[in-house]
Amino acid sequence: MRIGIDFDNTIAGYDGILRTAAVETGLIAKDFRGGKRAIRDAVRLRDGGELEWQRLQGQIYGKLMANAEMIDGVDRFLNACRDRGETVFVISHKTKYANHDPDRVNLRDAARNWMAARGFFDGDGFAIAPANVHFEATRAEKLGRIRSLACTHFIDDLEEVLADNKFPTGVRRILYGRTDAKPDAPIETYADWDAIRAALFDA
């Protein structure tokens, strides 16, 4: 297998740091309920909310990245890949800098440092080759990378990526974190990483 995996909200989770940053900047109340989508929608409803949301994203993907959480089950999946000798790629649509980040943090370096700190590149960790991590400036370039690396599987949290009419044919499309989706394209949907691991390795 040559398994490609998206990064943001597929491997790295931001609900905790997003909530903290949104509360600290007064964008949501302390008792606000809901994850990333709910916070995004609430912030965007504010006057000037779209700009506020983009600034918030710049913070969590930049200077706050070190505090992001690994999504539950990613470690078990990657350990299974390592033990089975499967090739893993991280392929993400991620610009070098956020448009509205006054600190101008390199988002790609922040993500790589986050992975390094969690053993992604260590032989006794997840044993992913650093050269197998690719950050692309556009969705089209991301899809091109999936094609050029000859991925047999690709896992993403965004249905619109997997359903894109330019998505490479012959790649098994796996949507993480959704069971309610009814896509037109041949997309498999799984609620969590343990279900994905079972579908790929236990079938």
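The values are calculated or read from the model by the stated rules, or taken from the named source; none is laboratory data. Model, not experiment: these values are computed from the prediction. Cβ placement follows ideal geometry from the backbone for every residue including glycine, while neighbour counts extend to all protein chains displayed.
Got at least one residue in region 9-25 being assigned to a loop (DSSP other than H, G, I, E, B), over 30 Å from THR152 (Cβ atoms) and not assigned by TED's automatic domain parsing to the domain that holds HIS93?
yes
Looking only at region 52-82, count how many residues are part of a helix (DSSP H, G or I) and exposed (fewer than 14 other Cβ atoms within 10 Å of the Cβ). Can you show your working first?
If we filter region 52-82 for residues that are part of a helix (DSSP H, G or I), which is where we start, we get 52-61, 65-67, 74-82.
Then keep just the ones that are exposed (fewer than 14 other Cβ atoms within 10 Å of the Cβ); that gives 66-67, 76.
Selection size over region 52-82: 3.
Could you grab me the full set of residues in region 85-100 that are surrounded by 19 or more Cβ atoms within 10 Å (Cβ to Cβ) and modelled with pLDDT under 85? Lay out the reasoning, then the answer.
To start, the set of residues in region 85-100 that are surrounded by 19 or more Cβ atoms within 10 Å (Cβ to Cβ) comprises 88-94, 98.
Answer for region 85-100, where residues must be surrounded by 19 or more Cβ atoms within 10 Å (Cβ to Cβ) and modelled with pLDDT under 85: just ALA98.
Could you check how many residues of region 83-109 are in a helix (DSSP H, G or I) and in contact (Cβ under 8 Å) with a residue 12 or more places away in the chain? Break it down into steps so the answer makes sense when it comes.
The initial filter retains those residues of region 83-109 that are in a helix (DSSP H, G or I), namely 83-84, 107-109.
Then keep just the ones that are in contact (Cβ under 8 Å) with a residue 12 or more places away in the chain; that gives 84, 107-108.
Total meeting the criteria: 3.
Among the hydrophobic types (A, V, I, L, M, F, W, C), without any contact (Cβ under 8 Å) to a residue 60 or more places away in the chain and closer than 19 Å to LEU175 by Cβ: is that true of LEU78 in this structure?
Working: among the hydrophobic types (A, V, I, L, M, F, W, C): yes; without any contact (Cβ under 8 Å) to a residue 60 or more places away in the chain: yes; closer than 19 Å to LEU175 by Cβ: yes.
So LEU78 fits the description; yes.
In region 115-161, what residues are touching a helix residue (DSSP H, G or I) at 6+ places or on another chain (Cβ under 9 Å) and among the acidic types (Asp, Glu)?
Result: ASP122, GLU136, ASP156, GLU160.
The conditions are (1) in a helix (DSSP H, G or I); (2) assigned by TED's automatic domain parsing to the domain that holds ILE146, and VAL43 fails exactly one of them. Which is it?
(2)
Would you mind stating whether PHE121 is over 17 Å from the mean Cα position of the chain (by Cα) and at pLDDT 95 or above?
On the way: over 17 Å from the mean Cα position of the chain (by Cα): yes; at pLDDT 95 or above: yes.
Yes; evaluated as a whole, the condition is true for this residue.
Read through the list (1) within 23 Å of GLY73 (Cα to Cα); (2) buried (at least 16 other Cβ atoms within 10 Å of the Cβ); (3) basic (Lys, Arg), then give the number of the only condition that ARG178 fails.
(2)
What tally of residues in region 129-156 results from selecting those that are surrounded by fewer than 17 Cβ atoms within 10 Å (Cβ to Cβ), under 16 Å from the mean Cα position of the chain (by Cα) and of a type in the set (Lys, Arg)?
Here the count works out to 1.
For ARG37, work out the one condition from (1) farther than 30 Å from VAL171 by Cβ; (2) free of Cβ contacts under 8 Å to residues at least 12 places away in the same chain it doesn't fulfil.
For ARG37, the exception is condition (1).
Condition check: assigned to a loop (DSSP other than H, G, I, E, B), touching a strand residue (DSSP E or B) at 6+ places or on another chain (Cβ under 7 Å), of a type in the set (Gly, Ala, Ser) and at pLDDT below 95. Does ALA185 satisfy that? Break it down stepwise before answering.
Working: assigned to a loop (DSSP other than H, G, I, E, B): yes; touching a strand residue (DSSP E or B) at 6+ places or on another chain (Cβ under 7 Å): yes; of a type in the set (Gly, Ala, Ser): yes; at pLDDT below 95: yes.
Yes, satisfied.
Out of (1) in contact (Cβ under 8 Å) with a residue 24 or more places away in the chain; (2) in a helix (DSSP H, G or I), the odd one out for ARG112 is which?
Of the numbered conditions (1) in contact (Cβ under 8 Å) with a residue 24 or more places away in the chain; (2) in a helix (DSSP H, G or I), the odd one out for ARG112 is (1).
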